Amino acid sequence: KENVYKSLIRFIPWFKEPKKSKIKKYAYWLEDPLTGDGFSVDCPSTVNQKSILQDVFWKLKKSPSVAEQKLSDKFKRRENYYALVQILKDDHNPEMVGKIKVLKFGQKLNALIQSELQPEYGKAFNPFDPLKGRPLALTITLVAGFNNYDQSKFVGEEFPCVMNGKKIENTPESMQAFVEYLQTSPDLSNFGFKEWDDDMKAKVKSVIENTVPSMRTTEAILRDT
């Protein structure tokens, strides 16, 4: 409404690996100037592998040519995060209330989570703690055509997760029922780094060579990626 999205959400632990309830990866949005095709691809640097896309970015960024420096923007990786959230309130999409979804977010929202875990002053809260986390008032505005999360903030006191409309309790029975309930949530592992198959390697090679014609030596490097 009026270019502002608001909802109240609660971060949810990933029951398979609670210590990995937040997944981080680097990715690119690439566009082939020859075909006009655009696609997203994960950066191998996410798992400490060699990345031809990082090599291309830095070669262009450090080039004495101003045109090539500007071209480096087309190979700038994005830092993405993924986590499970339960929607507590959403006037825009009331049918979503109570559901668990995957939230994709960037550095600013991650910094907000880190400040909740390690505040400069006051009490620390773990947003993923099913009993003692605090809800997040998610506010997204449009700034220069991009989503902006600066007005988002954690609110209130610690708040247990909700199951079937009721707050869970710190009892063995309630926690066991909650774990079973979480097994119906999306599998967060599906959002981790994905290795490049031969088709993806060919697409990346095409983008590099069609964007930077002078770079015609990528085939061998891609074979090692």
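The values are calculated or read from the model by the stated rules, or taken from the named source; none is laboratory data. The shown structure was predicted, so the numbers you read here are calculated from the model rather than taken from an experiment. Every residue, glycine among them, receives a Cβ derived from its backbone with ideal geometry; neighbour counts consider all protein chains shown. With ligands, DNA and RNA removed, areas are computed over all heavy atoms of the protein, side chains included. Shrake-Rupley method; radii C 1.70, N 1.55, O 1.52, S 1.80 Å.
Table for the structure above
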{"item": "Test result for residue 83, crowded, with 18+ Cβ neighbours inside 10 Å and not charged (D, E, K, R)", "result": "yes"}
{"item": "Residue match in the range 50-61 (condition: touching a residue at least 60 places away in the same chain (Cβ under 8 Å) and of a type in the set (S, T, N, Q))", "result": "yes"}
{"item": "The listed residue being among the small types (Gly, Ala, Ser), crowded, with 17+ Cβ neighbours inside 10 Å and within 27 Å of residue 46 (Cα to Cα), out of 185, 189", "result": "185"}
{"item": "Scan of the range 24-50 for residues that are open to solvent by 80 Å² or more (accessible area, probe 1.4 Å), closer than 18 Å to residue 71 by Cα and within 15 Å of the chain's Cα centre (by Cα), ordered by number", "result": "29"}
{"item": "Count of the range 157-171 residues which are open to solvent by 50 Å² or more (accessible area, probe 1.4 Å) and closer than 14 Å to residue 11 by Cβ", "result": "2"}
{"item": "Near pairs, Cβ below 7 angstrom, 6+ apart or cross-chain, from the range 195-211 (over 21 Å from residue 47 (Cα atoms)) to any residue that is among the hydroxyl-bearing types (Ser, Thr, Tyr) and assigned to a helix (DSSP H, G or I)", "result": "208/218; 209/218"}
{"item": "Condition check for residue 152: hydroxyl-bearing (Ser, Thr, Tyr), surrounded by 17 or more Cβ atoms within 10 Å (Cβ to Cβ) and within 30 Å of residue 39 (Cβ to Cβ)", "result": "yes"}
{"item": "Boolean, residue 116 is at pLDDT 90 or above and either surrounded by fewer than 17 Cβ atoms within 10 Å (Cβ to Cβ) or over 25 Å from the mean Cα position of the chain (by Cα) (or both)", "result": "no"}
{"item": "From 123, 101, residue being under 30 Å from residue 176 (Cα atoms), without any contact (Cβ under 8 Å) to a residue 12 or more places away in the chain and either of a type outside the set (S, T, N, Q) or open to solvent by 20 Å² or more (accessible area, probe 1.4 Å) (or both)", "result": "123"}
{"item": "Lone unmet requirement of (1) of a type in the set (A, V, I, L, M, F, W, C); (2) modelled with pLDDT of 95 or more; (3) open to solvent by 40 Å² or more (accessible area, probe 1.4 Å) for residue 96", "result": "(2)"}
{"item": "Within the range 1-16, tally of residues that are open to solvent by less than 80 Å² (accessible area, probe 1.4 Å) and assigned to a loop (DSSP other than H, G, I, E, B)", "result": "3"}
